[in-house]
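Structure first, then comments.
The values are calculated or read from the model by the stated rules, or taken from the named source; none is laboratory data. Model, not experiment: these values are computed from the prediction. Because the Cβ atoms are built from the backbone with ideal geometry, glycine has one as well, and the counts that use them run over all protein chains shown. To get the accessible areas, we keep the full protein, side chains included, count just its heavy atoms, and leave off ligands, DNA and RNA. Shrake-Rupley method; radii C 1.70, N 1.55, O 1.52, S 1.80 Å.
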Amino acid sequence: MTEFISLITVCWNSEKTIARTIESVLKQCFTNYEYIIIDGASTDRTVDIIKQYEPLFKGKLKYASEPDKGIYDAFNKGIRQATGKYVWLVNSDDYIENDALQLIYNFSQNYKDGEEPIISGIMNVRGEKNKILYQVQSSPEKVKAAYRNNTMGTIHPATIVPKRIYDEIGLYDINYKIIGDIDWFKRAYKANMPIAFLKEVITNFNTGGVSTASDNKKSIKDRKYLISKFYPNFFQRNYQFLKWLAMFYLVKYIKK
């Protein structure tokens, strides 16, 4: 029987946070899922921790540990293995709410087979001592604006994607280091893939991960590549890049 949802966690040297992520899946009352962990050949205790939890899942958890070509390569490895109707990428320093899978399942029942939308939920952003700093959610208006401004239209850690949509528009572009999710979102939006908004908190994002601690060189290189893919016109490319660059340094200045 095909599982309702495939949860995928990619990790590398995540011994400080991986247990909490795994436990958040283990606590789910809804059990029609499979859990796939893709480890990038960690050199710390990450794999040992995964092995400790594996028996508790009674066959629902499978993992692999091998070198990869970056986070988007690891995402793709997990998605290729996934057999669920939906796929949820759960980061190794985040954790999902105890009722998250039940909420997603209940919400999905509003849609017919073959018409399942991308589901965008609400995310808590947490800081030191696990304090909630603020909540993030998307909307049709934000999605439209994000496509126009080359940003992420849905909150990636709180986005659940039907496997059929990955099959139709493709997986993540592994040439990116940190904004491959924006590239994927733009392809999905351009292809008119349906997006539905679940007005419930389903996950918790901790600051300090790849996307919040990335360096300037990676950001600029990724952005140039993104713009070159979606804007073939020379003048459009330069306009989009300069617009982004101005905002990039403005945000850095404000944060100081």
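When only residues in the stretch 55-81 that are touching a strand residue (DSSP E or B) at 6+ places or on another chain (Cβ under 7 Å) and farther than 18 Å from Gly40 by Cβ count, which is most open to solvent (accessible area, probe 1.4 Å)?
This residue is Lys60.
Looking at the stretch 224-252, which of the residues that are under 14 Å from Thr151 (Cβ atoms) and at pLDDT 95 or above is most open to solvent (accessible area, probe 1.4 Å)?
Phe230
State whether one or more residues within the stretch 154-175 are open to solvent by 20 Å² or more (accessible area, probe 1.4 Å) and either of a type in the set (S, T, N, Q) or modelled with pLDDT under 95 (or both).
Taking every residue of the stretch 154-175 in turn, at least one turns out to be open to solvent by 20 Å² or more (accessible area, probe 1.4 Å) and either of a type in the set (S, T, N, Q) or modelled with pLDDT under 95 (or both).
Which number in (1) at pLDDT below 95; (2) more than 22 Å from Ile5 (Cβ to Cβ); (3) in a loop (DSSP other than H, G, I, E, B) marks the one condition that Lys217 misses?
(3)
Counting residues that are more than 20 Å from Trp184 (Cα to Cα) and among the β-branched types (Val, Ile, Thr), which helices (runs of 4 or more DSSP H) fully inside the stretch 1-100 reach at least 1?
18-26, 46-53
Can you find even one residue in the stretch 1-16 that is over 25 Å from Ile119 (Cβ atoms), touching a Pro at 6+ places or on another chain (Cβ under 6 Å), open to solvent by less than 50 Å² (accessible area, probe 1.4 Å) and modelled with pLDDT of 95 or more?
no
Taking the stretch 180-203, which residues are within 20 Å of Lys77 (Cα to Cα) and either open to solvent by 20 Å² or more (accessible area, probe 1.4 Å) or in contact with a strand residue (DSSP E or B) (Cβ under 8 Å, 6 or more places away or on another chain) (or both)?
Scanning the stretch 180-203 gives Asp181, Arg187, Ala188.
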